[in-house]
């Protein structure tokens, strides 16, 4: 498993500060300081694993004496009862870390699992499933890694990753009399030359203007499958096409069949459910 990054360490510290606060009063009242033991991290559902390394790092953060072992890789397929990791050390530390550790692996595996469902739905088409910036504040790096574990592709990690001209950007400049083509050219002139220019369009009639002005990617927002297909035909390979808005498991295959290159799905991170895991103390 890869080393824990400073960003992840900071996330863990915030999570522990939120949960432990002044101390684990139940454990302190009941568990002798010298008691040691072992526990297994067990999947309770079918799904896709993500966040195990973060979960194990929580135990080590609570007490460096805790020894951890990963028994499954990021992106592994899960079955109920599958042991994905183990922890060994002071029982007090294992109990104090338990909820925070489980919260990470539950949340991130839920995202990976949901992403894998979308990826399976578009199998056979060229479309790739992308995430968005609709992430839990402070957890973006972990949630985007979970999307990748489920077979998805990461869109922008932050506002500095690429130029994306959304409807409100365009509205602000149209109020000053600028056309869509002028807005795109302005972005091209002022943004770093290494960045792609993506622009949101709302109807096929805007495709030619956007492509001719130099857009690299067309964000086809809230379009019907028929309008998406028409936009793809009009783009004719001169720009990548990305469908977005109200994408669900029920309609994602129809969107993929319209011929887009990319499908961005906010639900991967803002609406995925948690996957169930347990921490089971065992006789050592």
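FYI, it's all coordinate maths here, none of it is from the lab. Just so it is clear, the structure is predicted and the values come from calculations on it, not from any experiment. Cβ placement follows ideal geometry from the backbone for every residue including glycine, while neighbour counts extend to all protein chains displayed.
Within the chain, what percent of beta bridges assigned by DSSP are antiparallel, to the nearest 5?
For the chain, the DSSP antiparallel bridge percentage is about 50.
Is it possible to state the helix-based mean residue ellipticity at 222 nm for the chain, with each DSSP H run of 4+ residues giving -39500 (n - 2.57), the sum divided by total residues, to the nearest 500 deg cm²/dmol? What is it?
-12500 deg cm²/dmol
Identify which of 237, 75, 266 has the largest mean-square fluctuation in a Gaussian network model of the chain, with springs joining Cα atoms closer than 10 Å.
So, out of 237, 75, 266, the one fluctuating most is 237.
Expressed as a fraction of 2.2 N^0.38 Å, the rule-of-thumb size for a compact globular protein of N residues, what is the C-alpha radius of gyration of the chain?
Working it through for the chain, the quotient is 1.22.
Which semi-axes, in whole Å and largest first, does the equivalent ellipsoid of the range 77-134 have when worked out from the alpha carbon gyration tensor as the square roots of 5 times its eigenvalues?
33, 14, 7
Using Cβ counts within 10 Å as a stand-in for footprinting exposure, how do 196, 144, 166 rank, fewest first?
166, 196, 144
Test of understanding: express the Cα radius of gyration of the range 173-284 as a ratio to 2.2 N^0.38 Å, with N the residue count.
Computed over Cα atoms of the range 173-284, the ratio equals 1.45.
I'd like the orientation of helix 180-190 relative to the chain: the angle between its Cα long axis and the longest Cα principal axis, in ° from 0 to 90, rounded to 10.
In the chain, helix 180-190 runs at an angle near 60 degrees to the longest axis.
What distance in nm separates the two pseudo spin-label positions at residue 191 and residue 35, each 7 Å out from Cα along the beta-carbon direction?
The two pseudo-label positions are separated by 5.8 nm.
Roughly speaking, what % of Cα-Cα pairs in the range 221-279 are separated by over 13 Å, rounded to a whole number?
Looking at the range 221-279, the distances longer than 13 Å represent 62 percent of pairs.
Which distance in nm do the two modelled labels at residue 159 and residue 251 give, with both placed 7 Å along the Cα-to-Cβ direction?
2.9
Could you tell me the calculated FRET efficiency between residue 276 and residue 141, based on Cβ-Cβ distance and R0 = 22 angstrom, to the nearest 0.05?
Details: r = 24 Å, r/R0 = 1.08.
Calculated value: 0.40.
Given the options 28, 242, 69, which has the most mean-square fluctuation in a GNM of the chain, springs set between C-alpha atoms less than 10 angstrom apart?
28
May I ask you to order 59-67, 107-115, 90-98 by the average number of other C-beta atoms within 10 Å around their residues, highest value first? Intermediate values should be presented prior to the final figure.
On the way: 59-67: 17.6, 107-115: 27.7, 90-98: 22.7.
Packing order, densest peptide first, comes out as 107-115, 90-98, 59-67.
For the range 92-214, take every pair of Cα atoms, bin their distances at 5 Å starting from 0, and report each bin as a whole percent.
2, 9, 15, 14, 14, 14, 12, 9, 4, 3, 2, 1, 1, 0
What is the spin-label model distance, in nm, from residue 18 to residue 182 if the labels are put 7 Å beyond Cα along the C-beta direction?
It is 4.6 nm.
Label the range 104-145 by shape, choosing from rounded, prolate and oblate, from the square roots a ≥ b ≥ c of the eigenvalues of the Cα gyration tensor; if a/c is under 1.5 it is rounded, and otherwise prolate applies when a/b is larger than b/c, oblate when it is not.
Here the range 104-145 falls in the oblate category.
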